[in-house]
Amino acid sequence: MRNLVLALPCALALACGGDFSNDDLEFQNALPQREDLAAKLPASARSGQGPVTRVQRLGASQVLGGASELAFQAYTAGTRFNTSVDALLALLEVFRNAPPTTREGDRRIWGPFPSGDHPGHDMRFVMERQGASFAYLLQFRPQGGGEDAWWTYLPGTFKADGGIRKGTGTLALDLQAARAHGFETGEASTVDRLDIDYQTKALPTSVELLFTGAGATAPDTRYASRQTPEGLGEMAFRLPGVDLIPGGLLETLDIVARWTPDGRGVLVLDILVGDAKGAQYTECWDARTRITFIQRNWDFLNPTEGDRSTCPDVSALDL
């Protein structure tokens, strides 16, 4: 996909010309930009404190006053979330910056162009408008094929509501279709589809990222981000197949982490499936990412440690 992103600007520079009309700008504003969808992470997430790469087992590693490994896991999830979002939006950015090849009332078309990344194929980008709603498609076909030979790699929608780039939208990559047409998907070979749902019309704004594994009938991994203008952030994610609790079963986890701009945070981990189904773990951390409060709903002798009042007020994200 990265090679495709690099190839598109060259094709557009050679094939497109002219200026943008006012009507073109309405189509452009239906395409999301990075600042609309990216998760905003606190500075501590980028301070080189070494995020862990997987959820650790609950146990001795959660120590009052120690570094919060789960906070780093949440920041890692946020970073990966932004990387996935960036990859999709990079495909749209080149079309936003180039005038369309064809204008047809409520329809705009970029292309077709030869696909430099996939020799023997053409590509095009098509947008259609119906009132305040837009639908768009990034498509490919074998060179020489007719209209019915186009297949869709990236579908998207947007419904405007409340101002420029304000509304609700969807965006996806159909990786299964790409492989079926002979395209290599590299590191995404274990994923059939990547979906993004977002809303920017009301606060807090929200973005959901869904991965459907190869052969799965529904998304099995979920990441969601929400944020407020004041800088409060939230990352929620569902992780299946995690060996969190010693035993014979793997766990499915729901994790919700919230943080303030200065890096203080609170995280709630729920075990949905596995050896400790129904267990819930809560912790808070300070601006240095040191644990200040712990709560375990399964520990009847010592259910809490630390001072709950140290947990930051992130209630604005409850809306």
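The values are calculated or read from the model by the stated rules, or taken from the named source; none is laboratory data. Worth saying up front: this structure is predicted, and the values here are computed from it rather than measured. With ideal geometry, Cβ positions are generated from the backbone for all residues, glycine too; neighbour counts draw on all protein chains shown. Heads up: the accessible areas ignore ligands, DNA and RNA and are worked out on the full protein's heavy atoms, side chains in. Shrake-Rupley method; radii C 1.70, N 1.55, O 1.52, S 1.80 Å.
For first residues located in region 276-290 and in contact (Cβ under 8 Å) with a residue 60 or more places away in the chain, partners that are assigned to a loop (DSSP other than H, G, I, E, B) and among the basic types (K, R) and lie 6+ apart or on another chain with Cβ distances below 8 Å form the pairs W285/R264; A287/R264. May I ask you to verify whether A135 is of a type outside the set (V, I, T) and touching a Gly at 6+ places or on another chain (Cβ under 8 Å)? It is true that A135 is of a type outside the set (V, I, T) and touching a Gly at 6+ places or on another chain (Cβ under 8 Å). Looking across region 187-202, the residues that are open to solvent by 20 Å² or more (accessible area, probe 1.4 Å) and assigned to a loop (DSSP other than H, G, I, E, B) come down to S189, T190, K201, A202. When each of F125, F81, F113, F72 is tested for being of a type in the set (F, W, Y) and either more than 28 Å from the chain's Cα centre (by Cα) or loosely packed, with under 14 Cβ neighbours inside 10 Å (or both), the lone residue that passes is F113. Scanning region 255-290 for residues that are in contact with a Lys or Arg (Cβ under 6 Å, 6 or more places away or on another chain), of a type outside the set (D, E) and either at positive phi or assigned to a loop (DSSP other than H, G, I, E, B) (or both) yields a total of 1.
Looking only at region 239-254, filter to residues that are in a strand (DSSP E or B) and buried (at least 17 other Cβ atoms within 10 Å of the Cβ); which one of those is farthest from the chain's Cα centre (by Cα)?
Keep residues of region 239-254 that are in a strand (DSSP E or B), which gives 239-242, 251-254.
Adding the requirement that they be buried (at least 17 other Cβ atoms within 10 Å of the Cβ) leaves 239, 242, 251-253.
Working: L239: 14, V242: 21, E251: 23, T252: 20, L253: 18 Å.
Out of the qualifying residues, it is E251.
Of the residues T228, T289, T205, T212, which single one is in contact with a helix residue (DSSP H, G or I) (Cβ under 6 Å, 6 or more places away or on another chain), open to solvent by less than 40 Å² (accessible area, probe 1.4 Å), under 30 Å from A132 (Cβ atoms) and among the polar types (S, T, N, Q)?
Values: T289 fails: under 30 Å from A132 (Cβ atoms); T205 fails: in contact with a helix residue (DSSP H, G or I) (Cβ under 6 Å, 6 or more places away or on another chain); T212 fails: in contact with a helix residue (DSSP H, G or I) (Cβ under 6 Å, 6 or more places away or on another chain).
Being in contact with a helix residue (DSSP H, G or I) (Cβ under 6 Å, 6 or more places away or on another chain), open to solvent by less than 40 Å² (accessible area, probe 1.4 Å), under 30 Å from A132 (Cβ atoms) and among the polar types (S, T, N, Q) holds for just one of T228, T289, T205, T212, which is T228.
If I ask for residues that are more than 16 Å from R264 (Cα to Cα), of a type outside the set (S, T, Y) and either part of a loop (DSSP other than H, G, I, E, B) or modelled with pLDDT under 90 (or both), which ones from region 216-238 would you list? Of everything in region 216-238, those that are more than 16 Å from R264 (Cα to Cα), of a type outside the set (S, T, Y) and either part of a loop (DSSP other than H, G, I, E, B) or modelled with pLDDT under 90 (or both) turn out to be A216, A218, P219, D220, R222, P229, F237, R238.
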